[in-house]
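The values are calculated or read from the model by the stated rules, or taken from the named source; none is laboratory data. Computed from a predicted model, the values in this text were never measured in an experiment. Here the Cβ positions follow ideal geometry from the backbone for every residue, glycine too, while neighbour counts run over all protein chains shown.
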Amino acid sequence: MSAPQPTTLSDRIQQIPRHYVYLLLAGVVVWQLLFPIRLPITPSVPTRGVYQAIAAVPDDKLIVITTDWDASTQAETGPQTQSIIHACFQNKKKFVIMNLQPPMGVKLANDLAQEAAKEYGAAYGVDWANWGYKYGYENVLMALAKNIPNAIGDDFYGTPVAELPIMEGVTDIHQVGLVVIVTGLSAMTEMWIGLIQGPYKTPLAAAYTAVMAPIYYPYLDSDQLKGMLVGAKGAAELEVMVDRPGKAVAIMNVQSWAHVLIVALILLGNLGYLFARGRTGGRQP
Amino acid sequence: MSPDLFILWAAAIATLGIYTILYRENPISRLFEHIFVGLSAGYLIVATWALNLEGKWWNPMIHDRKWYWIFAPIVGALFYFIYSRRLSWLARLVMGLFFGVGAGTFFRQFFPLFAPQITACFKPLDYQAGMGFQSFLFEIVLHHWIFAIILFTVLSYFFFSLPHEGRFGRGLGRSALLGRWFLMIAFGAMFGNTVMARISLFIGRMQFLLQDWLGSIIPWFAGRGL
Amino acid sequence: MGSLEHANWFMRLLFLSLCTIIVASVLLAQRGREMFIRRIPGLTAIEEAVGRATEMGRPIFFSPGLDSINIVTLQALAILSYIVRLAASRATRIIVGLRSPTVFPIAEESVREAYDAAGRPENFRPEDVRFISDEQFAYALGAVGIMAREETATNFLFGAFYAESLILAENGRALGALQVAGCPEPTQIPFLIATCDYVVIGDEYYAASAYLTREPTLTGSLVGQDICKAIVIALILLGVGLATILAPDRNFLLTWLGGGG
Amino acid sequence: MWFSRLLQRLFPPAPTPAALYLYLAFALAGSIVLIVALHRLLGPRGRRWLIVFVTFIAGLFFGLEYFYPVHGDPEKNFLTDWIEPVSVMLTVVGALTVGLGIYSLFQVHGRALAQRRPGWHNSLAFFLATFAMLVFGLWEHYLHLPQPPPDVLPWPKVVYEILFNGLFAPLQAATFSLLAFYIASAAYRAFRVRTGEATLMMAAAFIVMLGQVPFGAWLTSFIPADSPAAFFRLEMLGEWVLRWLNTPAQRGIIFGIAVGALAMSLRIWLSLERGTFFSEQS
């Protein structure tokens, strides 16, 4: 239903036509995609938890990154995995990639790890390895806890993992210093907590899509998760911490600006409303 | 022959065509609306056959020779009697069947849907052994007490057969008013929580338009904004 | 007893008592017991909204949501049936846009029925009950197209809506229609509040047919629902009390309801 | 599974393809005879009772399977094995209504085209899109391409790819992304301090919105993260609002809905929803 034609300034900023709002939003997004002006990114407590958990792993222990994601959540989980890998390399921690579901995840993560390894001059099989996709959910975890070389068998390239230098002295879950779950699937966390973190007290950290993250805050409170990356925001924060601002930072930067715009519009509308109300003595004009 | 270039251009034009509706409903958006509705109608038929009927009905009936599957389409055909005044009661018969299924399905879902929601409300309200004052304040008061207060005031808002005046009613009325306020807070929170997801969708589309499509014409765009 | 795949004895007992209470209050109401219902503003507005379309001589658009045949949709069709009767008696045209093919014949049949009940069977136009698309966003665009091309004066959105709710309601608003919406699930309510003139929230949605028709069966059912809600509240109070005084693994109510473990 | 054994016993599969068609013809003829007989024999009262009865039985079947005592491992009762085949049967029955929906679309657009109503070319576009997707969709389905697909795709597959990935999917994504604009303008318009309720809504939306982006976290980053006041950092406050203010309110709504839907289900099941569905039965 059409409002009366605005005349005063306070009316005008109360009734910005919707087309202007649309144009402003599109303008901000395009502008920030093409010529980004970085707004500050401050790592949140859950994100710092992930970084600290990685840094705290003793040098003789392995970090296991399970990359249970595929193309459908890649926008969030891809940058998450990438920055976690950077955090491992920078802290000179040995890590392995594996996954339980979907098979694609371990391939996508392998590409990311290879790219990063080149940068740090790290060698496959020595500084990092890829255990590959392992079918069997709970059964894999239970077997892994007791005897890793047996449970894993061959790596991503078909080499028996026992022959990799990185696996020297690695027999069971006690040589694993941290498990990082990167996933867009529910139930993975419950499985790791129930079968690994609970019985063996192996530290656990996780990275989730923004949609599923809220379910897992309680695990953070109870310290069952040392840290957590929440969607693209968590990925962006970790990218900043490892000094590799990438895709997630770019997206979160646009998000920040879009949110600033919406907040500013709301404030403007209210300002106009309050001015107009002051003028008419508290009554709605 | 690779379809990639056609896909790129078709997708870009379709996206821009839809965005014209932001100005107002117009001949271009109307054309794409009809194409979209048409494609989805065609796809509905294909999917109904290829993902549903072929495997669940046709193959068992013809290849496994389970001839009793013929009864399913006969029952389904009763729906078509809505177009006849005299025979429409047969359509109502099969509709009645689906009404019953709808009700029965809800009976089945009642506990799986709601029991976990009920048990998730069972949160202790007292001082737990071994917690300091600070964690009592944060974990119990700011979390569990507030949770309980909001839950009960909101529930009181949804009583319809009790008046909000009179001796008992005034108390209920106040609680219901408080419940309404809490509802508004929750709605605001849900609104705020959705903004980011919706902006993401648009960022995704703009990345496609700027980098993939414009970038294929003017390489400069392909290198911008990651 | 930790599973929810089938009911346990406690659930059977609880379910049976809830059903008995509702059916009993329906029967009591049918015997003529007077029942009180408080005012629900969003539902009172329905008549005003139909009136607006009549005055302007323009049609009404109604969407029963996106779900296939389930309880939410059946309630939407019940509200539709009431609105059609109201509109038919004032010779106002109403267009229904559907997403589920299975709901389509049922909607068509109940609209025809409502025209009959209003004594205007000749005004029923079969092409005004339209299947639009089963694809969520094609449906949204198609529905917006109908609002724009038919210049609807009033839009009713009652049923299960998802992300597309804002596409429907924001465009309807921009086109100048009066909008009344109702959705039981809370997730889309904030957007409907921001874009519609009246919104029916949560349980009010299921109170609608009783409130509108004042049929004794339905008002009785509403009173029964209130008693059931009181039982649910009592159950939660008991659960919270037990959680406060007992250790979680000894909270028997938790176990009875399939939780814990 | 004794259910399928029973079906085999009652309705044995046809022994040969030729016999199959004979069986089908008999079943079809028998059903038609049954329907005609029902139509002739039942008066208005009888028809009404039959509908009420069918509704009741359908609801009872699905409800009883959940509530009837179960035994064994996996747990089941005398109805459990029927649930899956009956559900499949109902899916097939329901799928038949697609024809009605398509008929409705063709009717509206066919009329616009035949009468050259304004915008008839849109209806033409509708028909072209429908038939293109139908033809190439089915064609693609019956090509049975190997996995992974060959480097050179057959042309019907190429057309299908363009229709699906070049038009259908982008139209879907573009329409979905319109929501970014609508949510921005709805926020601007609705969040005014006009009433107490609107103010509360706005405050909650503000906190949650800002708590989610780095900019919001930066605004309150001066509060030390390990002090008790860290609660007031926007990202913490936002999470608290979502988890401890939003969740209980949503639960309150959901419990109301649960009972409301239960009452509606009962009324539908027992055909008590008078004055709504098909009351004026002829």
How many residues does segment B:112-122 hold that are more than 7 Å from every other protein chain (Cβ to nearest Cβ) and surrounded by 17 or more Cβ atoms within 10 Å (Cβ to Cβ)? 0
Within segment A:63-81, take every residue that is farther than 22 Å from A:G136 by Cα and modelled with pLDDT of 95 or more and give me the one that is surrounded by the most Cβ atoms within 10 Å (Cβ to Cβ). A:Q80
Identify, please: which residue in segment A:198-216 is modelled with pLDDT under 90 and buried (at least 16 other Cβ atoms within 10 Å of the Cβ) and is, among those, farthest from D:Q212 (Cα to Cα)? A:Y216
Which residues, taken from segment D:143-177, are closer than 26 Å to B:M206 by Cα, polar (S, T, N, Q) and either surrounded by 18 or more Cβ atoms within 10 Å (Cβ to Cβ) or more than 9 Å from chain B (Cβ to nearest Cβ) (or both)? D:Q172, D:T175, D:S177
Would you check which residues across segment C:31-58 are outside any loop (DSSP other than H, G, I, E, B) and either over 23 Å from the mean Cα position of the chain (by Cα) or small (G, A, S) (or both) and list them? C:G42, C:A45, C:A49, C:G51, C:A53, C:T54, C:E55, C:M56
Tabulated pairs, segment D:123-142, first closer than 16 Å to B:A47 by Cβ and more than 7 Å from every other protein chain (Cβ to nearest Cβ), second in a helix (DSSP H, G or I) and of a type in the set (S, T, N, Q), C-beta under 7 angstrom, 6+ apart or interchain: none
Is one or more of the residues making up segment B:207-217 at the interface with chain D (Cβ under 10 Å from one of its Cβ atoms) and within 22 Å of B:W9 (Cβ to Cβ)? yes
Residues that are within 18 Å of D:N122 (Cα to Cα) and at the interface with another protein chain (Cβ under 7 Å from one of its Cβ atoms), drawn from segment C:140-166: C:A140, C:L141, C:G142, C:V144, C:G145, C:A148
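The rows are residues; the columns are (1) closer than 20 Å to C:L18 by Cβ; (2) touching a residue at least 24 places away in the same chain (Cβ under 8 Å); (3) surrounded by fewer than 24 Cβ atoms within 10 Å (Cβ to Cβ).
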{"position": "C:L166", "(1), (2), (3)": "no, yes, no"}
{"position": "C:C183", "(1), (2), (3)": "no, yes, no"}
{"position": "C:P186", "(1), (2), (3)": "no, no, yes"}
{"position": "C:D197", "(1), (2), (3)": "no, yes, yes"}
{"position": "C:Y206", "(1), (2), (3)": "yes, yes, no"}
{"position": "C:L222", "(1), (2), (3)": "yes, yes, no"}
{"position": "C:L238", "(1), (2), (3)": "yes, no, yes"}
{"position": "C:D249", "(1), (2), (3)": "no, no, yes"}
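Mind listing whichever residues of segment B:124-158 are touching a Gly at 6+ places or on another chain (Cβ under 9 Å) and not assigned by TED's automatic domain parsing to the domain that holds B:G173?
If the condition is that a residue be touching a Gly at 6+ places or on another chain (Cβ under 9 Å) and not assigned by TED's automatic domain parsing to the domain that holds B:G173, then B:L125 is the only one that fits.
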Does segment C:84-105 hold any residues that are assigned to a helix (DSSP H, G or I) and under 16 Å from the mean Cα position of the chain (by Cα), and which are they? C:V84, C:V103
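Would you check which residues across segment C:4-29 are in a helix (DSSP H, G or I) and within 9 Å of another protein chain (Cβ to nearest Cβ) and list them?
Here is the first cut: in segment C:4-29, the residues in a helix (DSSP H, G or I) are C:9-29.
Residues satisfying the conditions are C:W9, C:M11, C:R12, C:L14, C:F15, C:L16, C:L18, C:C19, C:I22, C:V23, C:V26.
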Only residues in segment B:1-20 that are within 14 Å of D:L163 (Cα to Cα) count as the first member; pair them with residues that are in a loop (DSSP other than H, G, I, E, B), Cβ under 8 angstrom, at least 6 apart or cross-chain, and list the lot. B:P3/D:L153
Against the condition within 14 Å of another protein chain (Cβ to nearest Cβ), in a helix (DSSP H, G or I) and surrounded by fewer than 20 Cβ atoms within 10 Å (Cβ to Cβ), how does A:V21 come out, does it pass? no
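With respect to D:V86, is the statement that it is in contact (Cβ under 8 Å) with a residue 24 or more places away in the chain and either of a type outside the set (S, T, N, Q) or more than 8 Å from every other protein chain (Cβ to nearest Cβ) (or both) true?
Working: in contact (Cβ under 8 Å) with a residue 24 or more places away in the chain: yes; either of a type outside the set (S, T, N, Q) or more than 8 Å from every other protein chain (Cβ to nearest Cβ) (or both): yes.
Yes, satisfied.
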Going through A:L62, A:L33, A:L23, A:L39 one at a time, which residue ends up being without any contact (Cβ under 8 Å) to a residue 60 or more places away in the chain and of a type in the set (A, V, I, L, M)? A:L23
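So which of C:I231, C:I227, C:I189 is assigned to a helix (DSSP H, G or I) and assigned by TED's automatic domain parsing to the domain that holds C:N70? Write out each step before concluding.
Values: C:I231 fails: assigned by TED's automatic domain parsing to the domain that holds C:N70; C:I227 fails: assigned by TED's automatic domain parsing to the domain that holds C:N70.
C:I189 is the lone residue from the list that is assigned to a helix (DSSP H, G or I) and assigned by TED's automatic domain parsing to the domain that holds C:N70.
Yes or no: segment B:123-131 includes at least one residue that is at the interface with another protein chain (Cβ under 7 Å from one of its Cβ atoms), free of Cβ contacts under 8 Å to residues at least 60 places away in the same chain and buried (at least 20 other Cβ atoms within 10 Å of the Cβ). Even if it seems obvious, please write down each step before you answer.
The first filter runs over segment B:123-131 and keeps only residues at the interface with another protein chain (Cβ under 7 Å from one of its Cβ atoms), leaving B:123-126.
Still in the list and also free of Cβ contacts under 8 Å to residues at least 60 places away in the same chain: B:123-126.
Checking the rest, the ones that are also buried (at least 20 other Cβ atoms within 10 Å of the Cβ) come to none.
No, every residue in segment B:123-131 fails to be at the interface with another protein chain (Cβ under 7 Å from one of its Cβ atoms), free of Cβ contacts under 8 Å to residues at least 60 places away in the same chain and buried (at least 20 other Cβ atoms within 10 Å of the Cβ).
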Name, by its number, the condition in (1) at pLDDT below 95; (2) over 18 Å from the mean Cα position of the chain (by Cα) that does not hold for C:S17. (1)
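From D:A58, D:A14, D:A27, grab the single residue that is within 30 Å of C:I71 (Cα to Cα), crowded, with 16+ Cβ neighbours inside 10 Å and either in the same structural domain as D:L266 (by TED's automatic domain parsing) or of a type in the set (A, V, I, L, M) (or both). Show your work before the answer.
Numbers: D:A14 fails: within 30 Å of C:I71 (Cα to Cα); D:A27 fails: within 30 Å of C:I71 (Cα to Cα).
Exactly one residue qualifies, and that residue is D:A58.
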Has segment A:219-236 got any residue that is surrounded by fewer than 18 Cβ atoms within 10 Å (Cβ to Cβ), within 11 Å of chain D (Cβ to nearest Cβ) and closer than 27 Å to A:N91 by Cβ? yes
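Any idea which of B:W58, B:W69, B:W49 is part of a helix (DSSP H, G or I), among the hydrophobic types (A, V, I, L, M, F, W, C) and buried (at least 22 other Cβ atoms within 10 Å of the Cβ)?
The conditions single out B:W69.
Test of understanding: among D:A180, D:A258, which residue is in contact with a helix residue (DSSP H, G or I) (Cβ under 8 Å, 6 or more places away or on another chain), aliphatic (A, V, I, L, M) and under 30 Å from B:G17 (Cα atoms)? Even if it seems obvious, please write down each step before you answer.
Numbers: D:A258 fails: under 30 Å from B:G17 (Cα atoms).
After applying the criteria, what remains is D:A180.
What strands (runs of 3 or more DSSP E) lie completely within segment A:84-189 and have 2 or more residues being aliphatic (A, V, I, L, M)? Step through it out loud before you land on a result.
On the way: elements: A:95-99, A:128-133, A:176-183.
Filter on segment A:84-189 gives A:95-99, A:176-183.
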